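Down below is the structure, laid out as structure tokens.
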Amino acid sequence: MVADLAYEAQMKIRDIRNKEGVRKWMYSDRVIDKDEHIRWIERLKTDDRQKTFAIVEDISRMPIGLASVNNIDATHKKASWAFYIDEFLRGLGGGLARSWNLICLTTVLTI
């Protein structure tokens, strides 16, 4: 989970999120400052309707993207999901595959 990552890895998530090629596809395309990012991570720790995971590089274990399950509705067993991946990996298929695996695992653990 993103909230459990070391500070350096949490800031790497912010760096990826703020890249123009990633940011333009987000719900909000503005640059996120450090304080706002830290507040978001703090909210993740208590938000039962959202599960957010870092997609990490195999060797360095540093984040290369993020996958999230949002608007979790346990009563009606539904949710939405999203992901983003660092610009240099776009088009290689790894982001979607890793996101889907995380989402399937989350679904099994949540239901």
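Out of the residues in the range 59-80 meeting the condition of being surrounded by 13 or more Cβ atoms within 10 Å (Cβ to Cβ) and not hydrophobic (A, V, I, L, M, F, W, C), tell me which one is farthest from I16 (Cα to Cα). Full working, then the answer.
Just the residues of the range 59-80 that are surrounded by 13 or more Cβ atoms within 10 Å (Cβ to Cβ), to begin with: 62-70, 72, 79.
From what is left, the residues that are not hydrophobic (A, V, I, L, M, F, W, C) are 63, 65, 68, 70.
Working: P63: 9, G65: 7, S68: 15, N70: 20 Å.
So, considering only residues that are surrounded by 13 or more Cβ atoms within 10 Å (Cβ to Cβ) and not hydrophobic (A, V, I, L, M, F, W, C), the one farthest from I16 (Cα to Cα) is N70.
How do the helices (runs of 4 or more DSSP H) wholly within the range 1-47 filter down when requiring 2 or more residues that are in contact with a Pro (Cβ under 9 Å, 6 or more places away or on another chain) and surrounded by 15 or more Cβ atoms within 10 Å (Cβ to Cβ): which remain? If you could, list the steps in order and put the result at the bottom.
On the way: elements: 7-18, 20-23, 34-44.
So the answer is 7-18.
Test R14 against the criterion of being farther than 18 Å from A82 by Cα and at pLDDT 95 or above, and give yes or no. It would help to see each step written out before you state the result.
Details: farther than 18 Å from A82 by Cα: no; at pLDDT 95 or above: yes.
No.
Return the residue satisfying two criteria in turn: it lies in the range 54-74 and is without any contact (Cβ under 8 Å) to a residue 40 or more places away in the chain and small (G, A, S), and of such residues it is farthest from D86 (Cα to Cα).
A74
The conditions are (1) farther than 18 Å from A82 by Cβ; (2) free of Cβ contacts under 8 Å to residues at least 24 places away in the same chain, and R30 fails exactly one of them. Which is it?
Failed condition: (1).
In the range 51-103, how many residues are at pLDDT 90 or above, in contact with a strand residue (DSSP E or B) (Cβ under 7 Å, 6 or more places away or on another chain) and outside any strand (DSSP E or B)?
0
Checking I41 against (1) over 16 Å from A82 (Cα atoms); (2) at pLDDT below 95; (3) in contact with a helix residue (DSSP H, G or I) (Cβ under 8 Å, 6 or more places away or on another chain), which test does it fail?
Unmet for I41, out of (1) over 16 Å from A82 (Cα atoms); (2) at pLDDT below 95; (3) in contact with a helix residue (DSSP H, G or I) (Cβ under 8 Å, 6 or more places away or on another chain): (2).
The values are calculated or read from the model by the stated rules, or taken from the named source; none is laboratory data. Please read these numbers as outputs of a predicted model, since none were measured by experiment. Heads up, the Cβs are rebuilt from the backbone with ideal geometry, glycines too, and the neighbour counts pull from every protein chain shown.
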